[in-house]
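Peer 1: I am attaching a structure below and will ask some questions about it afterwards.
The values are calculated or read from the model by the stated rules, or taken from the named source; none is laboratory data. Source: prediction; values computed, not measured. In this analysis, Cβ positions are derived from the backbone assuming ideal geometry, glycine residues included, and neighbour counts consider all displayed protein chains. All accessible areas refer to the heavy atoms of the entire protein, side chains included, with ligands and DNA or RNA removed. Shrake-Rupley method; radii C 1.70, N 1.55, O 1.52, S 1.80 Å.
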Amino acid sequence: MSDAPASFETVPGDPASPVILHVPHSSRHIPADVRAGIVLDDAALERELDHITDAHTAEIARAAAGLAGLTPWRFVNRTSRLVVDPERFPDEREEMTAVGMGAVYTRTTHREVLRSDGTDPEPLIERWFRPYARAMTEAVAGRLAATGRAVIIDVHSYPTEPLPYELHGQGPRPPVCLGTDGFHTSPKLLAAARDAFAPCGETGLDSPFGGTYVPLDFYGKRAEVGALMVEIRRDTYMSEPGGPAGPGLSRLAEALATLVDAVSG
């Protein structure tokens, strides 16, 4: 019996809110049967989870939702991205496949073996990736039906120093990186994000990570679906790698709530 439906959670917000806070990489949970296909020993796996997990981003999103004037919806991945990465393309369109980090990772952040060569990704994609994609599509469709638009704000974090897997790790690493899309990120949305996160330090664009997440049913087709990725440098709110959160978390949650308020009306 599959427990895929429990691998993600839609947390309802105000019926009038168009905003979905999407938190895809905050969990460290790996089901036992998926763990069996990972070749790392337990200590090495914990180290990898320290590096790959966007620690405390679910807490940032939850706190921001509580502060916002109009409570946003939240869509939260409850399993680790080492199970599947729901933000990757599951096919040849995904550039991260070049370093073994497509929808199903076969290499670690340090380019070591995570799963054996020849691992068939399809069972994991069918069990975990596709249900997630369908549910996120339904969440966006729900906001469109209720409010006439949807605004997806992805909540991520990234390490202060580049990791070997990064394809574009040599560029700027500002306290807050805003990932954009030419179709789905409007100038108004981007300006609101810059203003909201100004108290947290410099904001940059699409470096070291760029782009946004939009379900494929809407991608490049529905301008009513806005999207922005918020990448927070980890030293601004936590001890790296994988350590506890610090006082910066509250400041970031307040900034995210300000952004939610700015785009909710």
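Peer 1: Calculate the FRET efficiency for residue 219 and residue 119 from the Cβ-Cβ distance with a Förster distance of 35 Å, rounded to the nearest 0.05. Numbers along the way, then the final one.
Peer 2: Values: r = 28 Å, r/R0 = 0.79.
Taking R0 as 35 Å, the efficiency between residue 219 and residue 119 is 0.80.
Peer 1: Let me ask another. Ignoring ligands, DNA and RNA, please state the percent of accessible area on the chain from carbon and sulfur, probe 1.4 Å.
Peer 2: On the way: 6040 of 11160 Å².
C and S atoms contribute 54 percent here.
Peer 1: Continuing with this model, one more query. Let me check against my output: what whole-number percent is the relative contact order of the range 163-243, with C-alpha pairs under 8 Å and at least 6 apart? List each step's numbers first, then the result.
Peer 2: Values: 116 pairs, mean separation 33.9, N = 81.
Averaging sequence separation for qualifying contacts and normalising by length gives 42 percent for the range 163-243.
Peer 1: Would you kindly state how much longer the chain becomes between residue 149 and residue 98 on full extension, computed as 0.36 nm times their sequence separation minus their alpha carbon distance, in nm to one decimal? Provide the component values of the computation, followed by the final result.
Peer 2: Numbers: separation 51, 0.36 × 51 = 18.36 nm, distance 3.51 nm.
In short, 14.8 nm is gained.
Peer 1: I would also like to ask the following. For the chain, give the magnitude of the charge dipole about the Cα centre (Cβ charges: +1 Lys/Arg, -1 Asp/Glu; no others), in debye to the nearest 20.
Peer 2: The dipole of the chain has a size of about 620 debye.
Peer 1: Another question, then. Roughly what % antiparallel, to the nearest 5, for the DSSP beta bridges in the chain? Please report the intermediate quantities before stating the final value.
Peer 2: Values: 11 of 31 bridges.
Counting only bridges with both partners in the chain, antiparallel ones make up about 35 percent.
Peer 1: Assuming a ≥ b ≥ c are the square roots of the Cα gyration tensor eigenvalues, decide whether the range 188-262 counts as rounded (a/c under 1.5), prolate (otherwise, with a/b larger than b/c) or oblate.
Peer 2: Working: a/c = 2.27, a/b = 1.65, b/c = 1.37.
Prolate is the answer for the range 188-262, as a/c is 1.5 or above and a/b outweighs b/c.
Peer 1: Now for a separate question. If you average the sequence gap of Cα pairs under 8 Å that are 6 or more apart and divide by the length of the chain, what percent do you get for the contact order? Spell out each step's value before the answer.
Peer 2: Working: 519 pairs, mean separation 64.5, N = 265.
Worked out over the chain, it gives 24 percent.
Peer 1: Related question: Size of the range 55-183 along its principal axes in angstrom, Cα-based, largest extent first?
Peer 2: Cα spread of the range 55-183 along its principal axes, largest to smallest: 47, 35, 29 Å.
Peer 1: Rule-of-thumb check for the chain: C-alpha Rg over 2.2 N^0.38 Å?
Peer 2: Working: Rg = 17.4 Å, N = 265, 2.2 N^0.38 = 18.3 Å.
So the Cα radius of gyration is 0.95 times the expected 2.2 N^0.38 Å.
Peer 1: Can you give me the long-range amide H partners of residue 226? Hydrogens built in the peptide plane at 1.01 Å from N, cutoff under 5 Å, separation of 5 or more residues or another chain.
Peer 2: 150, 151, 152
Peer 1: Expressed as a rounded percentage, what relative contact order does the range 28-171 have, with Cα pairs under 8 Å and six or more residues apart?
Peer 2: Details: 130 pairs, mean separation 37.0, N = 144.
Once divided by the residue count of the range 28-171, the mean separation gives 26 percent.
Peer 1: Provide the per-residue ³J(HN,Hα) series for the range 59-67, in order, calculated from phi with Karplus coefficients 6.51, -1.76, 1.60 and θ = phi - 60°, each as a whole number of Hz, with x at glycine and proline positions.
Peer 2: Rounded to whole hertz, the list is 5, 4, 5, 5, 5, 5, 4, x, 8.
Peer 1: Now, a different point. Per residue, how much accessible area does the chain show when a 1.4 Å probe rolls over the protein heavy atoms, in square angstrom? If you can, show how the numbers build up before the last one.
Peer 2: Working: 11160 Å² over 265 residues.
Heavy-atom accessible area per residue stands at 42 Å².
Peer 1: Output ³J(HN,Hα) for the range 50-56: one whole-Hz value per residue in order, computed from phi by the Karplus curve 6.51 cos²θ - 1.76 cosθ + 1.60 with θ = phi - 60°, and x for Gly and Pro.
Peer 2: Once rounded to whole Hz, the list reads 4, 7, 8, 7, 7, 4, 6.
Peer 1: Placing +1 at every Lys and Arg Cβ and -1 at every Asp and Glu Cβ, with all other atoms neutral, what dipole size does the range 22-128 have around its Cα centre, in debye to the nearest 20?
Peer 2: Values: 13 positive and 19 negative charges, 92 e Å.
It works out to roughly 440 debye.
Peer 1: For labels at residue 36 and residue 198 in the simple 7 Å Cα→Cβ model, what's the distance in nm?
Peer 2: Output for this residue pair reads 5.6 nm.
Peer 1: State the antiparallel share, in %, of DSSP beta bridges confined to the range 1-154, rounding to the nearest 5. Can you show the working numbers first?
Peer 2: Details: 6 of 14 bridges.
Within the range 1-154, antiparallel bridges account for around 45 percent of the total.
Peer 1: Summing -39500 (n - 2.57) over the DSSP H runs of n ≥ 4 in the chain and dividing by its residue number, what mean residue ellipticity at 222 nm do you reach, to the nearest 500 deg cm²/dmol?
Peer 2: On the way: 6 runs with 72 residues, N = 265.
The per-residue figure over the chain is -8500 deg cm²/dmol.
Peer 1: Still on this structure, I have one more. Can you list the residues, at least 5 places off or on another chain, whose amide H is less than 5 Å from the amide H of residue 101, using H built in the peptide plane?
Peer 2: Amide H neighbours of residue 101: 106.
Peer 1: Once ligands and nucleic acids are excluded and a 1.4 Å probe is used, how much of residue 233 is accessible, expressed in Å² to the nearest 10?
Peer 2: 50 Å²
Peer 1: When a/c reaches 1.5 or more, the comparison of a/b and b/c decides; with that in mind, is the range 1-51 rounded, prolate or oblate per its Cα gyration tensor? Don't skip to the answer; put the middle values down first.
Peer 2: Details: a/c = 5.19, a/b = 2.00, b/c = 2.59.
Here the range 1-51 falls in the oblate category.
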